[in-house]
Structure formats: structure tokens, C-alpha cells
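Each reported figure results from applying straightforward, stated rules to the coordinates on display, with no laboratory input. Remember, predicted model here, so these are calculated numbers, not experimental data. Virtual Cβ from ideal backbone geometry, glycine too; neighbours counted across all protein chains shown.
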Amino acid sequence: MQSKRNGYIFVFLALVIFSIQDAISKHLGSLYPPVFITMIRYWAFAAFAIVLACRSNGGFKAAIRTRKPKLQILRGLLLVFQIVIVIVSFARVGLAHSQAIFAAGPLFVALLSMPLLGERVGWRRWTAIIVGMLGVLLILKPDGGTFEPVLLIPLGSAVLFAIYVIATRLVSRDDSSMTSFLYTGLAGAVAITLIGPFYWTTLAPVDWAWMILLCITGTSSHFCLIKGYEHLDAAEVQPLTYLQLVFASVIGVSIFGETLNLNMVAGSVIVVCAGIFTVWREHVVSRRNAKAADKGMLGD
């Protein structure tokens, strides 16, 4: 029980810090090029990943060793590009509205797991996916009027992150989580450093303070999340991550003057419920398949 409680505390701290990080990203993203912001942030992230790798079992040499280098590098490229889009989305769409659309991530993961991972999805998850997509449609038409093309930015980001999650599942079959984390930081940092200098901008002194805080929140949030996963499994963590939508809404409304409406709130509730059910059902099916496999091994 103590271990579980510590896990929930770390996850909660991670989500609070992630929300602060998103607010800073929105502030900086509205003033400076998102590519430039992401580059500075990724330098800190890569340094953090290297430190963790050096402290892990086997050290840096063991962590850098991978059986799927191309896929690991692709993951790093996907995530860094997705973060750039996220910052653009925060600046142009808003925190609350962006996070409402990001909440559909598990639904996109379930959809993509069929063609990319060869997984089977039963009628229960199909129902949840369809209902969740109806919720997404509500969010995409916040005032009940015409569709706004700018909303394709967070929608594309959610799909891109789902592909990243699928790629992570593929490499996890052969590589450790430490190896995946290291490649996420290194590949992303190298890629964004090749592009970022072309967007170099002189920051105001006060904004350098915000940038440093962004780097601190970026590393500390990941550290807390990693510690959370040491005590909890993914099915226990995923439902908690939807708290980030609540935190984003509070920050968006109270600090940035964003507005919430009925369509957006109703759509968010539908998407969150569908996402939680999808993740829970996937966990149930995975445990059942694992037990069936164990029985088969015992039978042999």
C-alpha cells in the first residue's frame, strides 16, 4: 500500500508539473518560434537522459545498445516534432481546447494498434472508440458552428503522439525502457539542433528565466513520471493523466482568459470516459491473454 501511495503521489506531481510546463510553453510559444523553444528544452532533456543512462545498470554503454536503432531514432524524431506542434497548438488554439483534443490519444492508439501491431480489438473497445470519436467531433465544433481548420493542429499532434506510442510498444519488445528514454532524448536533441539555429531568437532577460523554468519542469516532470511507473502499472497511471485536462482548463481560464463552452465540456467528458474504458479493457484483455499463455506453458 505504501508503494502504491508513493506511485500516485509521483504521478500527481508529474501532472501538476506538466501543466505548469504547458503554461510556460504557451507563454513562450506566443512570443518566440516553437522550434527554437523546443531546441533549448531538448538540450536539457537530452542531458537529463544521459545522466539517467549513466546511473542505470550497465551504464551508458548498456543503455545505448539497441536491437532496433532505426525505430528508436524514428521515435525520437516523432516526439520532438510532436512537441513543436504542441507548442504551436497551445499558442494558437489554447491550453484547454488543445488538451481536450489530446485526450483522444488512447483512442487513436487503439485504432492504430490494429494495422501496425496486428492487435485485435473487440466490440467493447470498438464501441468505446466510436463513442469517443463522437466526443472529438463535439470538441472540434466548440460553438456548434462550422469546423475551424486551426483545430487540425492539436488533432494532428494527437495522431502523431499515438504513432509514437505504437513505435514505443514495438521497441519495448527488445529494448529496455532506459534505452528507449535515452534515444528519445538524444535523437530528438540532434534532430532539433540541426533545424533550431535557423530560428534562433534573442530572448528578453525575463523570458530566459521562463526558459530555464521550462527546462527544469521538463526534466522534473519526467523524473516524477518515471518514479510513478516504478510503483504503478500503465493501467493505473493512464486514468490519472486525464487530470491534466482539468489542470489545463483551470490555468487556461484563470491565467490566459480562455473560455469553455457546453460542446467542449461535453465532448471532453465523452472522450475521457471512452479513453479510460479503452485503456482498462486493453489491460483486462492483456492479463487474460497472459494467463492463457501461462496455462498453455504449464500444459506443455
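List of remarks:
- Listed from fewest to most Cβ neighbours within 10 Å, the set Ser177, Ser56, Ser98 follows the order Ser177, Ser56, Ser98.
- A straight Cα-to-Cα reach below 19 Å connects Lys291 with the aspartates and glutamates Glu119, Asp233, Glu282, Asp300, residues fewer than 8 places away in its own chain not being considered.
- Cross-link partners of Lys70 among lysines, defined as those whose alpha carbon lies under 20 angstrom from its own and excluding same-chain residues fewer than eight positions apart: Lys61.
- Fewest-first sequence of Cys215, Cys54 by Cβ atoms within 10 Å of each Cβ: Cys54, Cys215
- Qualifying trypsin sites (Lys or Arg not before Pro) in the stretch 168-242, where qualification requires a DSSP coil assignment and no more than 12 other C-beta atoms within 10 Å, comprise Arg173.
- Over the stretch 2-299, relative contact order from alpha-carbon pairs under 8 Å, at least 6 apart, %: 40
- Helices that extend 18 Å or more along their long axis by alpha-carbon positions and average at least -0.5 on the Kyte-Doolittle scale are, among the DSSP H runs of the chain, 2-29, 34-55, 69-92, 123-140, 152-171, 177-195, 205-231, 262-299.
- Where chymotrypsin sites (Phe, Trp or Tyr not before Pro) in DSSP loops with at most 16 other Cβ within 10 Å are excluded, longest remaining stretch of the chain: 1-146
- Given their separation in residues at 0.36 nm each and the Cα-Cα distance between them, Thr202 and Leu260 gain 17.4 nm when the chain is fully extended.
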